[in-house]
Amino acid sequence: MIVVVGSLALDSVKTPLGSAEAVLGGSGAYFALAARIFAPVSLVAVVGRDFPDQHLALLAQHGVDVAAVERADGESFRWGGEYASDLNQRTTLFTHLNVLASFQPKLSERLRSARQLFLANIDPDLQRDVLDQVRGPELVACDTMNYWIASKRDALVRTLERVQICVLNDSEARELAGEANLWRAADAILTLGPEIVVIKKGEHGAILASRGERFTSPAYPLEMVYDPTGAGDSFAGGFIGYLAAESAAAEGSNRSGRAELPSSAVLRRAVVYGTVAASFSVERFSVDGLVGLTRADLDRRAEELLGHARWDHAAVQ
Ligand code: AMP
């Protein structure tokens, strides 16, 4: 079981192809809807009195366990963003933390035994609160955002010390590391604690770095992108979901023992599955691109992406 702590939001988004007002968003929603394609997911989050029941019903209908979503007195977390014609450039218009500011997650016994724990983009103190409550997870990974890098850097560094994998986007990696070059930024983040860093580059794909390895994947070639919001969280959902499914399969064939990091081959495939999950997410507004997606849909795009990226090395020599 994957446990994710993240935001549940009412997002207002403007892109060159349209806009959406107070729609379902948040790092937890995107992550969970992508990850549930691979493995059971429980979402730890808070919403306010204004959060429509239908949003929680939609998550539940798609197999996301929302029993640990708390409804607090006050307004829900709200975020607004606008994209330029270069969709890699986003301006945050507002961030209203509202009920997120006083959230104190309490995990049930069942959730404390999570195998994979994903600390999605949320206050880094909350990320560690949840991490403290989970007993011996096989894998802990996190994401973050410029908002937290700027406002709670020390707390974020304390989270990074305790995770194995950090997934973040290119501008966040540059800001966190103080390095313009992404490989150097990844290496700098590796010195903060994680053993693996994955950096997403929007339409330019994603890279993975560990101390001994570098891997690069192109993005799935899309001609129309409607709403890039949540691409990073959907990537993380596909990536961690794939790792969880592989871990369960390895256990089924009795190869598992002590928890160790996934092999390089599995990590690389996970990057590809993260990439294709994000490609579906950005084709529609809000979480609509993830709703109804199946493993077969992801397998098809993963296979296609492989076709786009493969070349015959011998022929160039
Ligand atoms: P992404 O496009 O993957 O970076 O994620 C965008 C999502 O993150 C949106 O749905 C927002 O509601 C959510 N979000 C934006 N700012 C924050 C924040 N400071 N903390 C938690 N979630 C946020």
If you go through Pro218, Pro228, the only one that is touching a Gly at 6+ places or on another chain (Cβ under 9 Å) and surrounded by fewer than 19 Cβ atoms within 10 Å (Cβ to Cβ) is Pro218
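Do any strands (runs of 3 or more DSSP E) lying entirely in the range 1-85 carry at least 1 residues that are within 11 Å of the ligand (Cβ to nearest atom), and which ones are they?
Those strands (runs of 3 or more DSSP E) span 2-5, 9-15, 18-25, 41-47, 77-83.
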The condition from (1) under 18 Å from Val47 (Cα atoms); (2) among the polar types (S, T, N, Q); (3) open to solvent by 60 Å² or more (accessible area, probe 1.4 Å); (4) under 19 Å from the mean Cα position of the chain (by Cα) that Gln127 misses is numbered (3)
Among the residues of the range 64-100, the number that are aliphatic (A, V, I, L, M), at pLDDT 95 or above and either more than 20 Å from Val3 (Cα to Cα) or open to solvent by 60 Å² or more (accessible area, probe 1.4 Å) (or both) is 5
Note on the range 156-169: residues open to solvent by 10 Å² or more (accessible area, probe 1.4 Å) and free of Cβ contacts under 8 Å to residues at least 40 places away in the same chain are Val157, Arg158, Glu161, Arg162
So, first residue open to solvent by 20 Å² or more (accessible area, probe 1.4 Å) in the range 12-34, second residue within 12 Å of the ligand (Cβ to nearest atom) and assigned to a loop (DSSP other than H, G, I, E, B), Cβ within less than 6 Å, six or more apart or across chains; the pairs are Val23/Ser286
Counting only residues that are charged (D, E, K, R) and within 15 Å of the ligand (Cβ to nearest atom), the range 214-247 contains a total of 2
Filtering the range 45-55 for residues that are touching a residue at least 40 places away in the same chain (Cβ under 8 Å) and either in contact with a helix residue (DSSP H, G or I) (Cβ under 6 Å, 6 or more places away or on another chain) or closer than 29 Å to Val225 by Cβ (or both) leaves a count of 6
Picking from Thr294, Thr275, the residue that is exposed (fewer than 12 other Cβ atoms within 10 Å of the Cβ), modelled with pLDDT of 95 or more and of a type in the set (Ser, Thr, Tyr) would be Thr294
Residue check for Thr159: touching a strand residue (DSSP E or B) at 6+ places or on another chain (Cβ under 8 Å), away from the ligand (no atom under 13 Å from the Cβ) and at negative phi: yes
Filtering helices (runs of 4 or more DSSP H) wholly in the range 114-212 for at least 2 residues that are of a type outside the set (A, V, I, L, M) and more than 25 Å from Tyr242 (Cβ to Cβ) gives 124-133, 146-151, 153-160, 170-177
Pairing a residue in the range 118-132 that is of a type in the set (Lys, Arg) with any residue that is away from the ligand (no atom under 14 Å from the Cβ) and assigned to a helix (DSSP H, G or I), where Cβ atoms lie under 9 Å and the two sit 6 or more apart in sequence or on different chains, gives Arg128/Arg158
Here the qualifying pairs (Cβ atoms under 6 Å; residues six or more apart or on different chains; first in the range 69-93 and free of Cβ contacts under 8 Å to residues at least 60 places away in the same chain; second open to solvent by 40 Å² or more (accessible area, probe 1.4 Å)) come out as Gly74/Asn98; Glu75/Asp50; Glu75/Asn98; Thr91/Glu82
### Message
For the range 105-113, check the following and say yes or no: at least one residue is crowded, with 16+ Cβ neighbours inside 10 Å, modelled with pLDDT of 95 or more and out of contact with any helix residue (DSSP H, G or I) (no Cβ under 6 Å at 6 or more places or on another chain).
### Response
yes
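Within the range 36-46, work out how many residues are crowded, with 24+ Cβ neighbours inside 10 Å, touching a strand residue (DSSP E or B) at 6+ places or on another chain (Cβ under 8 Å) and within 18 Å of Glu251 (Cβ to Cβ).
1
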Within the range 174-215, the count of residues that are open to solvent by 30 Å² or more (accessible area, probe 1.4 Å) and of a type in the set (Val, Ile, Thr) comes to 1
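The values are calculated or read from the model by the stated rules, or taken from the named source; none is laboratory data. Everything numeric here is computed off the predicted structure, so don't read it as measured data. Cβ coordinates were reconstructed from backbone atoms using ideal geometry, including for glycine residues, and neighbour counts include every protein chain displayed. Heads up: the accessible areas ignore ligands, DNA and RNA and are worked out on the full protein's heavy atoms, side chains in. Shrake-Rupley method; radii C 1.70, N 1.55, O 1.52, S 1.80 Å.
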